[in-house]
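One structure is given below, encoded as structure tokens.
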Amino acid sequence: MFKNALTIILVIISVLLLAFYVRPAYDNINKLRSDQDEYNVALENARSLQSIRESLLAKRNSFTPTDLNRLNKMLPDNVDNVKLILELQTMAQKHNLELKTATTEEDEEEEDLLDTQTKDYGIITLDFELFGQYSNFVAFLDEVAQTLRLTDIEAISFDKGRSDDEDINYNLGLRTYWLKDNI
């Protein structure tokens, strides 16, 4: 009888041990294995991204510093309204034009055919008023068109003012672009 009771007690202990220790440990091991698989996938993705980064860095390093400077001037990586206005003022002075007023505005995401939520660039609208002779204004516009920075002239209006004066007031609206920092 004692043997039967001992056997029953050992079976009960084994079942309890299985239920309260072995089964939770086994479940924990399975969870750790699935976590390990996820980490292995993430590690493989990180290695893949690092190889892409290295190849892009090698391409970037193949550019000359002059080309990098030109590229940065064409599409800067920050909004520098003051620098832009100063560049335009320098161009205006070079062509004997007086820059009277200048205002900048960063465009909000506008609705168009492109997906505007994922744009990697920003848009700055610059409106300013110039005063001077027509031939100088045409030369100024030609220089704006020849600059490396991407600009779109959106609006031009002018007012002759007094009839005896050869100088004209010009209102110019242009749009320029900059790269957003998506890192």
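Cross-link candidates for Lys83: which lysines have Cα within less than 21 Å, leaving aside residues fewer than 8 places away along the same chain?
Of all the lysines, those that pass the test against Lys83 - Cα under 21 Å, at least 8 places apart if same chain - are Lys73, Lys94, Lys100, Lys180.
Tilt of helix 81-94 relative to the longest C-alpha principal axis of the chain, in degrees (0 to 90, nearest 10)?
Roughly 20 degrees, rounded to the nearest 10.
In degrees, nearest 10, range 0 to 90: what is the angle between the Cα axis of helix 2-17 and the longest Cα principal axis of the chain?
0
I'm spelling it out carefully: the read-out is Cα Rg over 2.2 N^0.38 Å, the candidates are (1) 1.07; (2) 2.17; (3) 1.00, and one was derived from this structure. Which label?
Read-out from the structure maps to (2).
Could you tell me the relative contact order of the stretch 126-178? Use alpha-carbon pairs under 8 Å, at least six residues apart, and round to a whole percent.
50
Compute, for the chain, the length of the dipole vector about the Cα centre, with Cβ point charges of +1 (Lys, Arg) and -1 (Asp, Glu) only. Units Debye, rounded to 20.
1800
With each pseudo-label sitting 7 Å past Cα toward Cβ, what's the Leu148-Gln89 distance in nm, one decimal?
Distance between the two pseudo-spin positions: 2.3 nm.
Give the relative contact order (percent, whole number) for the chain; include only Cα pairs under 8 Å separated by 6+ residues.
Contact order relative to length: 21 percent.
What's the extension gain from Asn78 to Val41 if we count 0.36 nm per residue and subtract their Cα-Cα distance?
Net length gain for the segment: 9.8 nm.
Using only DSSP helix segments of four residues or longer, with each worth -39500 (n - 2.57), what per-residue ellipticity at 222 nm results for the chain after dividing by its residue count and rounding to 500?
Counting only the DSSP helices, I get -17000 deg cm²/dmol.
Based on DSSP loop calls and a cut-off of at most 15 other Cβ atoms within 10 Å, the longest stretch of the chain free of exposed GluC sites (Glu not before Pro) is what?
That gives 1-107 as the longest site-free run.
On a full-extension model of 0.36 nm per residue, what is the gain between Ser14 and Lys31, subtracting their alpha-carbon distance, rounded to one decimal in nm?
Difference between extended and current length: 3.7 nm.
Taken together, the values in this text are just the output of simple stated rules run on the coordinates, not laboratory data. None of the values given here were measured: they were computed from a predicted structure. Cβ coordinates were reconstructed from backbone atoms using ideal geometry, including for glycine residues, and neighbour counts include every protein chain displayed.
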